[in-house]
Protein chains: 2
Amino acid sequence: MIEHDGTMTTSPTPRRAGRPPRTSRAQIVAAARKIIDTEGWEKLTLRRLAAQLGIGTTTLYHHVRDREDLLILLINDVVEQHPLSDVPTEPRDRIVAAATTMRDALAAAPWAAEVLATDGFLARVGPGAITLVETIVAAATEYGCTHEQAVRVFRSLWYFTVGEIVVRTRTARRPKDFRFAALGDLDPATHPQLVAIGDELWQRVSAGDHYEESLRAFVDGLLAQAIG
Amino acid sequence: MIEHDGTMTTSPTPRRAGRPPRTSRAQIVAAARKIIDTEGWEKLTLRRLAAQLGIGTTTLYHHVRDREDLLILLINDVVEQHPLSDVPTEPRDRIVAAATTMRDALAAAPWAAEVLATDGFLARVGPGAITLVETIVAAATEYGCTHEQAVRVFRSLWYFTVGEIVVRTRTARRPKDFRFAALGDLDPATHPQLVAIGDELWQRVSAGDHYEESLRAFVDGLLAQAIG
DNA sequence: ACCTGAACACCGTTCAAGT
DNA sequence: ACCTGAACACCGTTCAAGT
């Protein structure tokens, strides 16, 4: 059956009776990562993955519930590889560090945007991600938030992070000759500021990474609103 | 050919020579909305849409570039139906009003989450959405932001809004018996705050709509960071 | 207990041809 | 200029059967 605890079935520990498995979840994750790295994540299908593993497609269904389960498995793998290091003592900085770690892990998984837009994601996150949630909630509480306020702080930052990842992923895939829009072609009478800004500045700002700076503004705003 | 200006081909205005079209973009949008409303948005495929219109599937490709183009067409339609009303005079409130309008329009389009996670979205938004962008950027400028800061303010709020929509959509589709996670089952030694919060409070806070409140905190934080 | 091929029920998109 | 059916090249998932 499916081990949701991530147990590797190649473990030498004696298991339930029956035919021993030839395929482990660890092997599946490794093969999936190989496909993603060499062919691109869009090419990751259950059929290809089975072929890569040299097994029948339907065999995969003994190890993952469905395609979504596979993607979440991969996300948890990536999060596990991005541990929170150098935890700051100041609660405010700790929130920023934990959220930035979440962002960096998701940014390293180009398929995150698709997973985040599907059902039941938060229900299946692994221990690594849960620890980041605890870190943020605990820091907010330490700062003086009630439990309810702390949960709201987490959710707000989670929305911001998910949005940044979704938009970032889309932008990265964008063809080179892409232009946000012809801002210069807009009517200056109705859109004076966008015309004044122009395509060049817009694109330059969009290309920059201002996640942490905006995150800090958000944290400050949320904590000020909660504590006063 | 494809009219990206949204011109209805049923218009009585004389058009380029040739066989007159039997299908208009307006008809396509109407048929798509009917499928979404009656069968659910997941059932909206090009094949079904063509069947609904009583035309061949391939005929659709004369009116929309591809599936993504269709979805963006639908988004623009929804945004057009959610105009920004009662524009506040105070810049800060104007930003909040414009962002909330964006959110409300996207929340009314259950397929928005998928579109937002695909390529080239911002490049194809219609006039209604562009006006909301101008409103936010202009208000930030009026408050004292430079153009660069104003663009950053918009992008930050856009991330937050996209994330809220993506997470909200997923949560809405979630089966009734869903539980975020068994927070009570976590080890109190490693996750004391999450255990203390518990499933009941977490779910209650998650179910609530705190978009505008958090948005206001974000706007305050961003403007304070920019202006000091 | 684990693995399998065949089959089911679909997709989006392209192409050459019709009116 | 507009419309079309057939075909291409796939999908995820289920099922009954094998070892």
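None of the figures in this text is laboratory data; all of them are computed from the coordinates on show. None of these values were measured; they are calculated from a predicted model. Cβ coordinates were reconstructed from backbone atoms using ideal geometry, including for glycine residues, and neighbour counts include every protein chain displayed.
Data for the structure
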quantity	calculated
Counted charge near residue A:216, where neighbours are those whose Cβ lies closer than 11 Å (Asp, Glu -1; Lys, Arg +1)	-3
Reciprocal mean inverse distance between Cα atoms of region B:181-228 - Kirkwood radius, Å	13.0 Å
Label spacing, shortest first and in nm, from residue B:104 to its equivalents in the remaining copies (7 angstrom along Cα→Cβ)	4.1
Peptide A:193-202, shielding by other chains (average Cβ, 10 Å cutoff)	5
For residues of A:137-145, the mean tally of beta carbons on other chains within 10 Å	2
Unit Cα scatterers, Debye sum, region B:124-228: log10 I(q)/I(0) for q = 0.11, 0.14 Å⁻¹	-0.54, -0.75
Taking N as its residue count, the alpha carbon Rg of chain B over 2.2 N^0.38 Å	1.25
Rg/Rh for the protein assembly as shown, where both radii come from Cα atoms and Rh is the Kirkwood radius	0.99
In order through region B:198-211: 3J(HN,Hα) via Karplus (6.51 cos²θ - 1.76 cosθ + 1.60), integer Hz, x for Gly, Pro	x, 4, 4, 5, 4, 5, 5, 5, 5, 6, x, 9, 10, 4
Cα-based shape type of region A:19-148, given that a ≥ b ≥ c are square roots of the gyration tensor eigenvalues and the cut on a/c is 1.5	prolate
Teacher prompt: residue B:192 distances to equivalent labels in other copies, 7 Å Cα→Cβ, nm	5.6
Using a 7 Å Cα-to-Cβ projection, residue A:33 label spacings across copies, nm, ascending	4.8
Estimated 222 nm signal from helices in chain A, with DSSP H stretches of n ≥ 4 weighted -39500 (n - 2.57), rounded to 500	-19500 deg cm²/dmol
Angle in degrees between helix A:147-173 and the longest Cα principal axis of chain A, rounded to the nearest 10	90 degrees
Cβ charges +1 (Lys, Arg) and -1 (Asp, Glu), total dipole of the protein assembly as shown, debye	2140 debye
Cβ crowding within 10 Å averaged over residues, with A:75-85, A:138-148 ranked highest first	A:138-148, A:75-85
Crossing angle, helix A:127-143 versus chain A [Cα axis fit, 0-90 degrees, rounded to tens]	40 degrees
Hull-based mean projected area of region B:60-102, where the convex hull spans the alpha carbons, in square nanometres	3.7 nm²
Along principal axes, Cα extents of region A:18-81, largest first, whole Å	34, 23, 17
Helix A:67-80 vs. chain A, principal-axis angle (Cα, 0 to 90°, nearest 10)	70 degrees
